[in-house]
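The values are calculated or read from the model by the stated rules, or taken from the named source; none is laboratory data. For clarity, every value in this text was computed on a predicted model and none was experimentally measured. Virtual Cβ from ideal backbone geometry, glycine too; neighbours counted across all protein chains shown.
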Amino acid sequence: MKTKRLLVLLSTILLAALLSVAVLQAKEKERSEIPEQYKWKVTDLYPSIEAFKQARDGVQADFPKLAVFKDRLGESAATLKAGLDLFYNMEMRVRRLEDYASRIVDSDARVSENKAYQSEIQTLRAKFKSESSFIQPEIVALGEDRLAAMFAAEPGLAVYRFPIAETMRRQKYILSPAEEKILGAVGAFADDGYYTFNVFSNADMPLPEITLADGSVVTLTYTNFDNIRRSPVAADRVKAFETFFGQHNKFKRTFAQLLFTQIKAYAFFAEMRGYESNLAAALDRDGVDPQIYYSLIAAARRHLPPFHRYLKLKARALGKDHLEYTDMYVPFTAAAEIPVTWEQVQQILVEALQPLGDDYVKVLQSAFRDRWIDVFPNVGKDTGAYSSGWAYEVHPFVLMNWTDTYSDALTMAHELGHAMHSYNSNKTQPFPTSDYSTFVAEVASTLNENLLNDYMLKQVKTDEERFYLLGNFLDNTIKGTLFRQTQFAEFELMVHQRVAKGEALTDEVLDKMYLDLARAYYGHDLGLVEVPDYLAVEWAIIPHFYYNFYVFQYSTSVAAASAISEKIIAGEPGALEAYYANLLRAGGSDNPVVLLAKAGADMTNPAAYDALTARANRYMDEIEKILDKKEGK
Ligand SMILES: [Zn+2]
C-alpha cells in the first residue's frame with residue numbers, strides 16, 4: 001500500500017499550491033453538507049459497517065484453514081493449487097477490507113471509529129502476512145523441475161505461472177530461514193533514517209518567518225514556500241528561497257546523517273541478499289533491468305537542448321535576458337487559469353478521451369454517474385487526489401478536491417487514467433496477475449493528460465488560453481517531471497554509488513554533487529539560469545531521496561505515455577489494441593518492461609524519449625509564434 005500511496009505524491013506536490021490557495025478561499029463544508037451524488041459510494045464495497053465486520057471476521061475464521069497447508073504445499077499439484085487458491089482468495093478479501101477502511105478514513109479523518117477500523121485491518125494484514133509467510137519458501141523449495149511437473153499435472157495452476165516464475169527468479173536472493181528471520185527483524189528499524197527525516201522536517205525543525213512586500217508575515221512551511229515561489233513578486237520569491245534554503249542549511253549535518261543512515265540500510269539489505277548494487281536490488285522488485293535507469297539518464301542528458309530551449313523561451317516570455325533560479329516556478333504565462341466546472345469537466349473528458357474508444361468512454365461515464373469519485377473538499381477529508389483500484393471485485397475509487405480549475409481537470413484526467421487501468425486489469429486478469437507494477441503505473445494517467453491537453457488546444461479560442469495550456473505542459477511535464485525527476489534520479493544514483501564505495505556522505509559532499517548537477521541541467525555555465533550557491537542544500541528538502549530509486553519511474557512513464565499517445569492520436573493501425581491488450585488489460589501478467597514495449601513504448605530503446613521532446617518542441621514552436629505576435633514581429 002505504501003507504493004500505491006506514493007503514486008500520488010508528485011501530482012500532489014505539483015498541485016499543492018493551487019489546491020491550498022483555492023481551499024482556503026471558501027470556508028470548507030462539513031461532509032454532511034455535501035449532496036450524496038458528489039460522494040463516492042463506499043456501500044459498493046460493503047452495504048453496511050455490519051457487513052464489513054462480517055467480512056473481517058470471515059478472514060479471521062480462515063486462518064486455521066490456511067495453517068493446514070503449512071509444510072504440505074509440495075505434497076501434490078492439487079494441494080499446491082488448493083493452498084494458493086485459499087491464499088489469493090484471502091488476499092483479495094483483505095484488500096477489499098483495506099480499501100473500505102481507507103475510503104472511510106480519507107472521507108473524514110476526524111471520525112475516530114473509522115480510524116479504529118483501519119487500525120484493526122492493519123493488524124489483520126500483519127497477521128495475514130505472518131500466517132502466510134510459509135508459502136514463498138515452500139514454493140522455492142520445490143525447485144523448477146518439480147514445479148514444471150506440477151504445472152503439467154494441474155491445468156488449474158496456470159493462473160499462478162507468472163507470480164511463481166517471479167518468485168523463482170528472485171529465489172537466488174532469498175536466504176536461509178534463519179537468515180531471513182534476522183533480516184525480517186532488522187526491518188523493524190531499517191527505515192528509521194526516513195522516519196526521523198520526516199519527523200524532523202515536518203514537525204521539529206523551527207520554521208522561519210518572512211515579511212512579504214505587502215507587509216504580511218508568513219511562516220515558511222513547505223506549502224507556503226511552494227506558494228511564494230510561484231508569486232509574481234520577484235523580491236518575495238528571492239526572500240523565500242534564501243530563507244527557506246538558509247534554514248535547511250543550518251541543519252544540513254543532521255540531514256546528511258539521516259540520508260546516510262537510510263542509504264546504508266538499503267545497502268545492507270542489497271549486500272546481504274547478494275545483489276550487485278542497491279540499484280539492482282531496488283529495481284528487482286519489478287524485474288526492471290538497471291539498464292533502463294542508465295538509459296533514462298543518458299536520454300535526459302542527450303535531450304538537454306530542448307530543455308535549454310525551454311529555459312530561453314521562458315526568459316523571453318518573462319521579459320528577461322536570462323532566468324534566475326528563483327524564476328523557475330513562476331508560471332510560463334501570467335494568463336489566468338482556465339476555469340472549468342465539475343459539470344463541464346465530465347463532458348470535456350468524454351470528448352477528450354474519445355480517441356481511446358467507445359468502451360473507454362462508456363466506463364468513464366459510469367465512473368461519473370455511479371459515484372466512483374469523491375468530488376469536493378470537506379473538513380477532515382484527505383488532501384490532493386488519488387485513485388485506488390485495490391478492491392478487485394469492485395470498481396476503483398477516486399479521491400478529488402475539485403475547485404473549478406483547469407489544473408483540476410488535468411488531475412481528474414490523470415486519476416481516471418489510473419482508475420481505468422485498474423478497472424480494465426481487474427476485469428480482464430485473474431486476481432493473482434491483476435495488480436500492475438509501479439513501473440507502468442503512471443503511463444495510463446499521463447497519457448490521459450496528453451489527450452486532454454491536445455483536445456483543449458483544439459477547443460480554446462484565444463492566444464492567451466493556448467499559451468496557458470502550452471506553458472502549463474512545459475512547466476509541469478517537461479521541466480517538473482522529465483528533467484527535474486531525472487536530475488533527482490541521477491543524484492540518487494551518485495549518492496548510492498558513493499556509499500557503495502565505502503565513502504561517507506557528508507553535507508559538503510552532498511552539496512557539491514547537488515549543485516554541480518543542478519548547474520549542468522539548468523545551463524548555469526551557459527548563462528541560461530543563474531543557479532545560486534545556496535541551492536546546493538536542496539537535497540535536504542526532497543523526501544524522494546529516501547524512497548530507494550522510485551522517482552525515475554515518473555520520467556520513464558511520461559516518456560512512454562507520449563510515445564503511445566502519439567501513435568493513438570495518429571490512428572496508427574493496431575496502436576489502440578496494443579495499448580489495451582498489453583497495458584490497460586494486462587495488469588501484472590508479465591514483466592512490466594516487456595508489457596510496455598508491446599504496448600508501444602520500448603524503454604530499452606534510447607529513442608523512447610523522442611516523442612516527448614518532439615511534443616515539447618512543437619509546443620515551443622507555437623509559443624514562439626504567439627510571442628512574435630505579441631511583440632509585433
Ligand atoms: Zn499518478
Which of the numbered conditions does Gly588 fail, given that it passes all the others? Conditions: (1) over 30 Å from Asn249 (Cβ atoms); (2) not in a loop (DSSP other than H, G, I, E, B).
(2)
Over 30 Å from Glu30 (Cβ atoms) and either surrounded by fewer than 18 Cβ atoms within 10 Å (Cβ to Cβ) or β-branched (Val, Ile, Thr) (or both): does that describe Asp289?
yes
Which one of Ala203, Ala240, Ala256 is in a helix (DSSP H, G or I) and at pLDDT below 90?
Ala203
Identify, from the list Glu209, Glu242, the residue that is without any contact (Cβ under 8 Å) to a residue 40 or more places away in the chain and either among the acidic types (Asp, Glu) or closer than 21 Å to Thr506 by Cα (or both).
Glu209
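Report whether or not Ser565 is within 30 Å of Tyr195 (Cβ to Cβ), in contact (Cβ under 8 Å) with a residue 12 or more places away in the chain and touching a Ser or Thr at 6+ places or on another chain (Cβ under 9 Å).
On the way: within 30 Å of Tyr195 (Cβ to Cβ): no; in contact (Cβ under 8 Å) with a residue 12 or more places away in the chain: yes; touching a Ser or Thr at 6+ places or on another chain (Cβ under 9 Å): yes.
The answer is no for Ser565.
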Right, Glu566: part of a helix (DSSP H, G or I) and either out of contact with any helix residue (DSSP H, G or I) (no Cβ under 7 Å at 6 or more places or on another chain) or within 25 Å of Leu318 (Cβ to Cβ) (or both) or not?
no
What helices (runs of 4 or more DSSP H), lying completely within region 369-471, carry at least 2 residues that are out of contact with any Pro (no Cβ under 7 Å at 6 or more places or on another chain) and of a type in the set (A, V, I, L, M, F, W, C)?
406-428, 443-459
Subset of region 172-195 (residues that are under 25 Å from His544 (Cα atoms), in contact with a Leu (Cβ under 8 Å, 6 or more places away or on another chain) and among the aliphatic types (A, V, I, L, M)):
Leu183
Assigned to a helix (DSSP H, G or I), modelled with pLDDT of 95 or more, surrounded by fewer than 22 Cβ atoms within 10 Å (Cβ to Cβ) and among the hydroxyl-bearing types (Ser, Thr, Tyr): is that true of Ser366 in this structure?
yes
Starting from region 616-633, keep only residues that are under 16 Å from Phe473 (Cβ atoms), then list their pairs with residues that are among the basic types (Lys, Arg) and assigned to a loop (DSSP other than H, G, I, E, B) whose Cβ atoms are within a distance under 8 Å, requiring at least 6 positions of separation or different chains.
none
Conditions (1) of a type outside the set (Gly, Ala, Ser); (2) assigned to a loop (DSSP other than H, G, I, E, B); (3) surrounded by 20 or more Cβ atoms within 10 Å (Cβ to Cβ); number of the one not met by Asp321
(3)
When Ala559 is run through (1) crowded, with 24+ Cβ neighbours inside 10 Å; (2) touching a Ser or Thr at 6+ places or on another chain (Cβ under 6 Å); (3) part of a helix (DSSP H, G or I), the failure sits at (2)
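For region 437-451, which positions are under 18 Å from the mean Cα position of the chain (by Cα) and more than 12 Å from the ligand (Cβ to nearest atom)?
Ser437, Phe439, Asn450
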Name the single residue, out of those in region 107-126 being more than 27 Å from the chain's Cα centre (by Cα) and exposed (fewer than 14 other Cβ atoms within 10 Å of the Cβ), that is farthest from Leu86 (Cα to Cα).
Ser112
Looking at Arg95 and the list (1) touching a residue at least 24 places away in the same chain (Cβ under 8 Å); (2) charged (D, E, K, R); (3) part of a loop (DSSP other than H, G, I, E, B), which single condition is not satisfied?
(3)
Criterion first (surrounded by fewer than 24 Cβ atoms within 10 Å (Cβ to Cβ) and within 12 Å of the ligand (Cβ to nearest atom)) does Gly380 satisfy it?
no
Run down Ala203, Ala235, Ala185 and say which single residue is over 20 Å from Tyr534 (Cα atoms), of a type outside the set (D, E, K, R), loosely packed, with under 15 Cβ neighbours inside 10 Å and more than 28 Å from the chain's Cα centre (by Cα).
Ala185
Collect the residues in region 411-429 that are away from the ligand (no atom under 11 Å from the Cβ) and more than 17 Å from Pro592 (Cα to Cα), keeping them in residue-number order.
Met412, Met420, Tyr423, Lys427
It is to be established whether one or more residues within region 157-173 are surrounded by 11 or more Cβ atoms within 10 Å (Cβ to Cβ), small (Gly, Ala, Ser), under 28 Å from the mean Cα position of the chain (by Cα) and over 24 Å from Ala265 (Cβ atoms).
yes
Of all the residues that make up region 392-405, how many are away from the ligand (no atom under 14 Å from the Cβ), more than 15 Å from Asn424 (Cβ to Cβ) and touching an Asp or Glu at 6+ places or on another chain (Cβ under 6 Å)?
2
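Do we have Trp342 as away from the ligand (no atom under 16 Å from the Cβ), crowded, with 21+ Cβ neighbours inside 10 Å and not acidic (Asp, Glu) here?
Numbers: away from the ligand (no atom under 16 Å from the Cβ): yes; crowded, with 21+ Cβ neighbours inside 10 Å: no; not acidic (Asp, Glu): yes.
The answer is no for Trp342.
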Subset of region 67-105 [of a type in the set (Asp, Glu) and touching a helix residue (DSSP H, G or I) at 6+ places or on another chain (Cβ under 7 Å)]:
Glu98
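Provide a single number: the residues in region 569-585 that are part of a helix (DSSP H, G or I) and either crowded, with 21+ Cβ neighbours inside 10 Å or at pLDDT 95 or above (or both).
Number of matching residues: 10.
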